[in-house]
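The values are calculated or read from the model by the stated rules, or taken from the named source; none is laboratory data. Note that the structure is a prediction, hence the values are computed from the model and not measured. So basically every Cβ, Gly included, is an ideal-geometry build from the backbone, and we count neighbours across all protein chains shown.
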Amino acid sequence: MKRTAAILLVVLGAVLGTTGPAAADGAHVGGDLHVAQSLGDRDLTVIIRRVAQVPGPVHVDVVTHAGSPAGEVTLTARAAGAPTSSAKVVLGATPGFYAGVVHVDRAGPWELSVDEASIPFVIPARVSSPWENATYGGFIAAGVLLFLALLAAVLGRPGLALVPTTGVVVAMAVAATAALLSPVIPPVAPPGAHLDPTFDNVMNPYERTPVMDFSRPPVNLVPRVDGHDLVLDLTDGSSGRPVDDLLLHDNAFVHLVVVSPTGGLRHLHPVRTAPGEYRVRLKDPERGTHAVAAEIARRGGGVQLLRSSVDVTGNAAVGAHDDVAELVTEVREAGRPTTITAKFGERDLQPWLGMLGHMIVVGPVTDGPVSAPIWAHVHSMIPPRPGVPDQPDESVAAYGPDVPFTYSFPLPGRYLVWIQVERDYQVRTVPAVVDVPAPAGGETK
């Protein structure tokens, strides 16, 4: 009997001693959501901060940029079957951060309205993974069975104690296996990334429906002018229905590039005003046919570049609002990497759209941007710095002065290039023309 009790005490020590490392992976709890919004005459970044608990508050920062007028915007959080919550945010004339708070009562898919703009987002539920349940369930079962084995041993029934003792071994094996494998098992993709988010799959992301659509067709883009606004109608290439499953891609749902007939650039971020409808204000547009390119990411459809053109009535020409920077270029023949570095003089640049800099490429240009075969959006990444978060927001003005880009121009010819950075909450645009030579001995393939 004493020998059996000693063995059981050793097992108990093993249970208690291995409880610490058994922390298995939990569900993804989300992070701050940064969304660029060209709302009317304002260029904003709406930051939905990570929700710590539900029910509870959702902290929202509205970041204004130079040239955005002062005023008031209304934040409204709404979800199906949930009470709405609203807050007013007064925006000052000084660019920067302005805070508001709305409240939510449950996890699941929500929408945050900023005046007429609508931003879908998901509040994830804190759900234990199956292997986490197996780990702690095994430990709990081992503890209960151990108590029964000890009780049987104390009552002088060592033979009967063998049954729960065997159960202790099995339960410990299950718990230990789940604990050891849990760090290497990939976490389940949260609803909203691959699946359309619903209340049910947010509350239980490990339950899979029998039919899952991970592949969706390309998106059709039809631009139109409505008063002072450019409206983008996005429809499914197969069904023709409005596309309402765009994903946040580089801090925006739509990266819209509009190039005027004389080569003026607008890099805008339309707001969602209805399913499949995105709208943006065109300030003092140039008259003529404008080239339009919209970069999106669709759930189940990947990143897509949609191109079109639109006729705009407006001024005969617009004045240039370009900035200057020293450009150091190492242009190589078509098909080989070219390096372009913009030097801005001071180490005071801010992240914009999660990047240090952006370079828009259009070309080769022969009879205007509309017919240019190549459109590209190139990034200069934020370099890591000690003491600075991995994903800093626009309050961190500590980067530069050099902003490098590398891009392989696929065809020889003349390209229009625009480099964009943020300084003092203002997006600075530096235009350039790059002549790319043909490779020696033949054409590019």
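When Leu234 is tested against (1) surrounded by fewer than 17 Cβ atoms within 10 Å (Cβ to Cβ); (2) assigned by TED's automatic domain parsing to the domain that holds Ile296, just one condition goes unmet, and that condition is (1).
On the stretch given as the range 62-110, residues that are of a type in the set (Asp, Glu) and farther than 19 Å from Gly40 by Cβ total 1. Within the range 142-158, the residues that satisfy the criterion of being surrounded by fewer than 18 Cβ atoms within 10 Å (Cβ to Cβ) and on the phi < 0 side of the Ramachandran plot are Gly143, Val144, Phe147, Leu148, Leu151, Val154, Leu155, Arg157, Pro158. The lone criterion from (1) assigned to a strand (DSSP E or B); (2) of a type outside the set (Gly, Ala, Ser); (3) over 18 Å from Ala117 (Cβ atoms) left unmet by Leu256 is number (3). If the condition is being within 28 Å of the chain's Cα centre (by Cα) and crowded, with 18+ Cβ neighbours inside 10 Å, then the range 355-374 contributes Met355, Leu356, Gly357, His358, Met359, Ile360, Val361, Val362. Each residue in the range 341-396 was checked for being small (Gly, Ala, Ser), part of a loop (DSSP other than H, G, I, E, B) and on the phi > 0 side of the Ramachandran plot, and 4 pass. The set of residues in the range 172-196 that are modelled with pLDDT under 85 and of a type outside the set (A, V, I, L, M) comprises Ser182, Pro183, Pro186, Pro187, Pro190, Pro191, Gly192, His194, Asp196. Scanning the range 244-271 for residues that are β-branched (Val, Ile, Thr) and either over 20 Å from the mean Cα position of the chain (by Cα) or modelled with pLDDT under 95 (or both), we see that the one that is surrounded by the fewest Cβ atoms within 10 Å (Cβ to Cβ) is Thr262. Checking the stated criteria, Ile185 turns out not to satisfy the condition of being in the same structural domain as His59 (by TED's automatic domain parsing) and hydrophobic (A, V, I, L, M, F, W, C).
Within the range 50-66, if we keep just the residues that are in contact with a Pro (Cβ under 6 Å, 6 or more places away or on another chain) and over 17 Å from Asp115 (Cα atoms), the residue that is modelled with the highest pLDDT turns out to be His65.
Restricting Asp323, Asp284 to those that are surrounded by fewer than 21 Cβ atoms within 10 Å (Cβ to Cβ), without any contact (Cβ under 8 Å) to a residue 40 or more places away in the chain and outside any strand (DSSP E or B) reduces the list to Asp284.
Checking each residue in the range 329-372 for being hydrophobic (A, V, I, L, M, F, W, C) and farther than 30 Å from Leu248 by Cβ picks out Val331, Ala334, Val365. Figure legend. Inter-residue proximity from the range 330-350: first residues closer than 14 Å to Val433 by Cα, second residues of a type in the set (Lys, Arg), beta-carbon distance below 8 Å, spacing 6+ or different chains. Indicated pairs: Thr338/Arg332.
Quick check on the range 357-367. Is at least one of its residues modelled with pLDDT of 95 or more and more than 20 Å from Arg307 (Cβ to Cβ)? Looking for residues that are modelled with pLDDT of 95 or more and more than 20 Å from Arg307 (Cβ to Cβ), one finds at least one in the range 357-367, hence yes.
Can we say Val222 is in a strand (DSSP E or B), of a type in the set (A, V, I, L, M) and surrounded by fewer than 17 Cβ atoms within 10 Å (Cβ to Cβ)?
Answer is yes for this residue.
Check Ile47 against each of (1) modelled with pLDDT of 95 or more; (2) farther than 30 Å from Pro186 by Cα and name the one condition it does not meet. Going through (1) modelled with pLDDT of 95 or more; (2) farther than 30 Å from Pro186 by Cα one by one, Ile47 breaks only (2). Of the residues screened, Lys343 is one that is under 28 Å from Arg423 (Cβ atoms) and at pLDDT 95 or above.
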